[in-house]
Amino acid sequence: MYVAVKGGEAAILATHDLVAEARRGDEAVLELTVTQIREQQGLACARVMNEGSLYDLDLAALALKQAQGDAIEAAFLMRAYRTTLPRFGSSEPVDTAEMAIRRRISATYKDLPGGQVLGPTYDYTHRLFDFALMDEANGSAGEAHPAATALDTHMPRVPDILGAEGLMEAEAPPEGDPRPFDLTREPVSFPADRDVRLQAMARGDEGFLLGLGYSVQRGYGGNHPFVGEIRVGEVSVEFVPEELGFSVDLGQITLTECQMVNQFQGSKDVAPQFTRGYGLSFGHSERKAMSMSLVDRALKCREFGEAANYPAQQDEFVLYHSDNVEAAGFVEHLKLPHYVDFQGELELIRRITREREQRLAREQETLPEAAE
């Protein structure tokens, strides 16, 4: 046993060297820097920050480099590092109504108060390869020209516009405005409240939430969504130190917010109105925010007396399976030694096979006797 452990340890250490060699690749090619990843792979960094539950562009870029671009492994690195950081308090709630807008669109209002701002998006590209990007020596960034007029300073959120007409469900903090649940410190129980669900989805796997959001659109969710508004931009983060008693601006972070508008036919107690699904994510990550908002509305089904028949409407299913770090660990642990378990299964199959063969042999012996 001692020799086996030492031999395994040597092999594991050797794999570390092999990983480093594979990560570096051909040494004749210039090494990719963390700064390059941060500046030129911003969407990938945003995904890692979301699923790693930590806003730090440099660390997200480092995680992607270390993980050879594996987003789940990079998120795992971010989560592991996050657990080592001291927690000295909670920031004030950010106000997305005061966001410095870089992109803002709505599928519900053509003439949106404050205007539509297309900003940087792949929505209108042709999905054709740009082979000029392979010419690294002559590569250059596109040149964006400043707008002729400044953006409107007043950009009301679409649900607020509908709410002013009494057509959108009202949302207010619970009585007493208690501190939100912290799923990183407290065990989750079901049925889970909305603050728990939103936290879990904010750091959930984008692909999993995308699949659930797609299922909702295909009829496995019972609602018909409209994109009320998507906005991307910078918001200020403020913190109130106990010794000061007033808020201090810590800086700005980039956020993507999606408010999905859904129909609700009403009930005997509630007039017909629109309901909302909400998504908020780090960085420029529209697909994640949209998927989150679709599933958020699906998970509110019980609040509106709707049947919970589909996966996207089951909070336990969504919360337990959307965490890709936990899911990856559970799937990939199958690669680890299971020798004892397998030997037990193997011995069971062998015993059952022997007993079956013995039974068949006895049956064959009795056949001639029965014929006589």
Subject >> Positions within region 11-32 being more than 30 Å from the chain's Cα centre (by Cα) and aliphatic (A, V, I, L, M), in sequence order >> reply: A11, I12, L13, A14, L18, A28, V29, L30
**OP:** Keeping to region 16-39, report how many residues are exposed (fewer than 10 other Cβ atoms within 10 Å of the Cβ) and basic (K, R).
**Re:** 0
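Here's the yes/no breakdown for (1) touching a strand residue (DSSP E or B) at 6+ places or on another chain (Cβ under 8 Å); (2) in a loop (DSSP other than H, G, I, E, B); (3) at pLDDT 90 or above:
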residue: N223; (1), (2), (3): yes, yes, no
residue: V227; (1), (2), (3): yes, no, yes
residue: E243; (1), (2), (3): no, yes, no
residue: A271; (1), (2), (3): no, yes, no
Subject >> Qualifying helices (runs of 4 or more DSSP H) (wholly inside region 313-372; at least 2 residues being touching a helix residue (DSSP H, G or I) at 6+ places or on another chain (Cβ under 8 Å) and either within 30 Å of V196 (Cβ to Cβ) or of a type outside the set (S, T, Y) (or both)) >> reply: 315-321, 324-332
Original post:
Which condition does L209 not pass, out of (1) open to solvent by less than 50 Å² (accessible area, probe 1.4 Å); (2) at pLDDT below 95, if it passes all the others?
Top reply: (2)
Original post:
When both residues are 6+ apart or on different chains and their Cβ atoms are under 7 Å apart, which pairs have a first residue that lies in region 28-43 and is at negative phi, and a second that is basic (K, R) and surrounded by 13 or more Cβ atoms within 10 Å (Cβ to Cβ)?
Top reply: L32/K65; V34/K65; I37/K65
Original post:
Residues in region 334-351: is at least one within 28 Å of M49 (Cβ to Cβ) and out of contact with any strand residue (DSSP E or B) (no Cβ under 9 Å at 6 or more places or on another chain)?
Top reply: yes
Original post:
Which condition number does Y278 fail, the rest of (1) free of Cβ contacts under 8 Å to residues at least 60 places away in the same chain; (2) surrounded by fewer than 24 Cβ atoms within 10 Å (Cβ to Cβ); (3) touching a strand residue (DSSP E or B) at 6+ places or on another chain (Cβ under 8 Å); (4) not in a loop (DSSP other than H, G, I, E, B) being met?
Top reply: (1)
**OP:** Take region 333-348 and flag every residue that is more than 24 Å from A11 (Cβ to Cβ) and open to solvent by 100 Å² or more (accessible area, probe 1.4 Å).
**Re:** E345
Original post:
Within region 218-247, which residues are farther than 23 Å from A46 by Cβ and in contact with a helix residue (DSSP H, G or I) (Cβ under 9 Å, 6 or more places away or on another chain)?
Top reply: Y220, G221, G222, N223, H224
Subject >> Output for region 121-141, where each listed residue is part of a loop (DSSP other than H, G, I, E, B) and either within 30 Å of the chain's Cα centre (by Cα) or touching a residue at least 60 places away in the same chain (Cβ under 8 Å) (or both) >> reply: T121, Y122, D123, Y124, T125, H126, R127, L128, F129, D130, A141
**OP:** Mind listing just one residue for me: the one in region 182-202 that is under 22 Å from N262 (Cβ atoms), in contact with a Leu (Cβ under 9 Å, 6 or more places away or on another chain) and not charged (D, E, K, R) and, of those, surrounded by the most Cβ atoms within 10 Å (Cβ to Cβ)?
**Re:** M201
Original post:
Scanning region 33-58 for residues that are in a loop (DSSP other than H, G, I, E, B) and closer than 30 Å to M292 by Cβ, which turns out nearest to the chain's Cα centre (by Cα)?
Top reply: S53
Original post:
Which of the residues spanning region 288-332 are modelled with pLDDT of 90 or more, of a type in the set (D, E, K, R) and surrounded by fewer than 17 Cβ atoms within 10 Å (Cβ to Cβ)?
Top reply: E316, E326, E332
Subject >> Index of the failed condition, A328 passing every other in (1) closer than 30 Å to V227 by Cα; (2) touching a residue at least 24 places away in the same chain (Cβ under 8 Å) >> reply: (1)
Original post:
For region 155-181, what are the residues that are closer than 15 Å to P113 by Cα, in contact (Cβ under 8 Å) with a residue 40 or more places away in the chain and open to solvent by less than 40 Å² (accessible area, probe 1.4 Å)?
Top reply: M155, P156, V158, P159, I161, L162
Original post:
Scanning region 61-99 for residues that are touching a strand residue (DSSP E or B) at 6+ places or on another chain (Cβ under 9 Å) and in a helix (DSSP H, G or I), which turns out farthest from D323 (Cα to Cα)?
Top reply: E98
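The values are calculated or read from the model by the stated rules, or taken from the named source; none is laboratory data. Keep in mind that what you see is a predicted model, and the values were worked out from it rather than measured. Please note: Cβ atoms are built from the backbone with ideal geometry, for glycine as well, and neighbour counts cover all protein chains shown. We work out accessible area using only protein heavy atoms, side chains counted, and drop any ligands, DNA or RNA first. Shrake-Rupley method; radii C 1.70, N 1.55, O 1.52, S 1.80 Å.
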